[in-house]
Amino acid sequence: MRSGRALRIGIDEVGRGPLAGPVMAAAVHLPEAIAGLADSKQLTAARREALAALIRERAVWALGAASVVEIDRLNILAASHLAMRRAMRRLAARLAAPPGEILVDGHLDPGLGWPCRCIVGGDGLVPEIGAASIIAKVARDRLLARLAVRHPGYGFEQHAGYPTAAHRAALAALGASPHHRTSFAPVREALLARAAAQ
């Protein structure tokens, strides 16, 4: 039976903008302070990896994801909220006390099933949200690097699915992989262009 004071939780997601790969979220409780936490986008890859290792060692955390199929079926916002709910449910099962203050990056309540407070720019303001952004970003980048091995030519290991010029050029040349989001306009347009050229 769980007891003790309610715990402060931070939640963030990564991967709303890419053309490929899942959207991923993390929920984190920090029993102790970790120096250097910040918005994952403001950190170098090496610094993110180092901080992610510390978070995994010292924090209570969980990941949640929504697949490309779910993104295309639901839309990216709803899929992001689904990933957050999955992360929060997994974290709640690991906590020694009930969730208390739940802080979510952004301005929309993802429907967690617990009361939460939304904070715009929270990943740069709240250590728990910053930790969640780092854990989710590192996990997603590693996944895209693995997908790059299975689907060479797209450069997933370099851009993590984001719509860089190189990624768009690969889409035009190769078409979409099974991990591309066909509901996103650049992917849809690349598929239509290839179909018209054949």
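The values are calculated or read from the model by the stated rules, or taken from the named source; none is laboratory data. Since the model is a prediction, treat every value here as computed from it, not as a measurement. Glycine also receives a Cβ, built like all others from the backbone with ideal geometry; neighbour counts cover every protein chain displayed. What goes into the accessible areas is simple: the full protein's heavy atoms, side chains included, and nothing from ligands, DNA or RNA. Shrake-Rupley method; radii C 1.70, N 1.55, O 1.52, S 1.80 Å.
Consider the range 61-76 and keep the residues that are over 12 Å from the mean Cα position of the chain (by Cα), in a helix (DSSP H, G or I) and of a type in the set (A, V, I, L, M, F, W, C). The one that is farthest from Asp12 (Cα to Cα) is Val69.
Against the list (1) surrounded by fewer than 16 Cβ atoms within 10 Å (Cβ to Cβ); (2) over 14 Å from Ala27 (Cβ atoms), the condition Leu144 fails is (1). Kindly evaluate Ala45 against the criterion of being without any contact (Cβ under 8 Å) to a residue 60 or more places away in the chain, surrounded by fewer than 16 Cβ atoms within 10 Å (Cβ to Cβ) and closer than 14 Å to Val138 by Cα. Against the criterion (without any contact (Cβ under 8 Å) to a residue 60 or more places away in the chain, surrounded by fewer than 16 Cβ atoms within 10 Å (Cβ to Cβ) and closer than 14 Å to Val138 by Cα), Ala45 does not qualify. Applying the criterion of being open to solvent by 70 Å² or more (accessible area, probe 1.4 Å) and either within 25 Å of Ala79 (Cα to Cα) or in contact (Cβ under 8 Å) with a residue 24 or more places away in the chain (or both) to the residues of the range 147-190, the residue that is farthest from the chain's Cα centre (by Cα) is Glu189.
So, in the range 132-184, of the ones that are of a type in the set (D, E, K, R) and part of a helix (DSSP H, G or I), which residue ends up farthest from Ala87 (Cα to Cα)? By that ranking, first place goes to Arg168. For the range 77-113, a tally of residues being assigned to a strand (DSSP E or B), out of contact with any Ser or Thr (no Cβ under 8 Å at 6 or more places or on another chain) and open to solvent by less than 40 Å² (accessible area, probe 1.4 Å) returns 5.
Residue-by-condition table, conditions (1) among the β-branched types (Val, Ile, Thr); (2) within 27 Å of Ala46 (Cα to Cα); (3) touching a His at 6+ places or on another chain (Cβ under 6 Å):
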| position | (1), (2), (3) |
| --- | --- |
| Trp114 | no, no, no |
| Val120 | yes, yes, yes |
| Gly124 | no, yes, no |
| Glu128 | no, yes, no |
| Ser133 | no, yes, no |
| Leu143 | no, yes, no |
